[in-house]
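Visitor: Please find one structure pasted underneath; my questions will follow.
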């Protein structure tokens, strides 16, 4: 009878050793001593044969006195017929004293064998420490809240609000002052001198080559409009609404020098004949028409400035 018992025990130990070699479970922690609430790494490794299938246990978010903060993914590494699987956890504990990571049970089976076997890790004790309290000292009151210095980010909204109020105040004063003076709210762009506008328009007209393309009437119509606009802007004579005789009879035009006044008369009269009597000027007259207008502008543009200079000097003296 004793021989039978010994035989059964020997066979059981032999089979356990054989199956134990198929799967080996190891579990370890970074340290067995932590302060309460500290995080701790828990590392589990499964070493198995390639023909062995292992089922990992489902571990709850909390064990007895242990909380799981984070769990990773199973990492597998093959080395011939051996397979290594690893899984890392971050755990913590809020219970002082000793807590234990319990044994973790893994179900596994070997190819060609339908039997389900169990392999498990060893329990791991963890000693959770708290802050030491000096019992020889009196219990102190809770400290009042600390007053932190004011940061620029906290002041920024108030600074922006003050700038906004100041900006609105300036805008209100600007509008009120402009309306009081009867001025436009939007400053007008400086007006260009009349001679600059006229000379630019003459250059543009010359580049169009109207009379060379047979558009003689259009050429003289645009030419006289440029000259009339110049006279109106420079001498304050409503030349755009006047006929030639009225323009030439204006006192400011009559006061011009003869070498400026007479070419102007000839140009305006020639233009009237072209526009109203369908006169066909000679090519020489067409070619010189823009030059006559340009010379008139260049000879007269400074006249007003020369007349205004003594007036401004008299105003300053007065």
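Visitor: When the residues of the stretch 58-73 are narrowed to those that are out of contact with any strand residue (DSSP E or B) (no Cβ under 6 Å at 6 or more places or on another chain) and outside any strand (DSSP E or B), which ends up farthest from residue 111 (Cα to Cα)?
Guide: 64
Visitor: Please work out which one of (1) touching a helix residue (DSSP H, G or I) at 6+ places or on another chain (Cβ under 8 Å); (2) farther than 23 Å from residue 279 by Cβ; (3) in the same structural domain as residue 286 (by TED's automatic domain parsing) is the condition residue 204 fails and give its number.
Guide: All conditions pass for residue 204, except number (1).
Visitor: Checking residue 123 against (1) surrounded by 10 or more Cβ atoms within 10 Å (Cβ to Cβ); (2) over 30 Å from residue 39 (Cβ atoms); (3) free of Cβ contacts under 8 Å to residues at least 60 places away in the same chain; (4) more than 48 Å from the chain's Cα centre (by Cα), which single condition isn't satisfied?
Guide: Only one criterion in (1) surrounded by 10 or more Cβ atoms within 10 Å (Cβ to Cβ); (2) over 30 Å from residue 39 (Cβ atoms); (3) free of Cβ contacts under 8 Å to residues at least 60 places away in the same chain; (4) more than 48 Å from the chain's Cα centre (by Cα) is unmet by residue 123, namely (2).
Visitor: Within the stretch 234-243, identify whether any single residue is surrounded by 11 or more Cβ atoms within 10 Å (Cβ to Cβ) and touching a residue at least 40 places away in the same chain (Cβ under 8 Å), and answer yes or no.
Guide: Looking through the stretch 234-243, at least one residue is surrounded by 11 or more Cβ atoms within 10 Å (Cβ to Cβ) and touching a residue at least 40 places away in the same chain (Cβ under 8 Å).
Visitor: Looking at the stretch 57-68, I want the residues that are surrounded by 10 or more Cβ atoms within 10 Å (Cβ to Cβ) and have a partner that is modelled with pLDDT of 85 or more and assigned to a loop (DSSP other than H, G, I, E, B) with Cβ atoms under 6 Å, at least 6 apart or on another chain. Which pairs are those?
Guide: Matching pairs, first to second residue: 57/104; 65/93; 65/95; 66/93.
The values are calculated or read from the model by the stated rules, or taken from the named source; none is laboratory data. Here the structure is a predicted model, which is why all the values come from computation and not from measurement. Cβ: placed from backbone, ideal geometry, glycine included. Neighbour counts: every protein chain shown.
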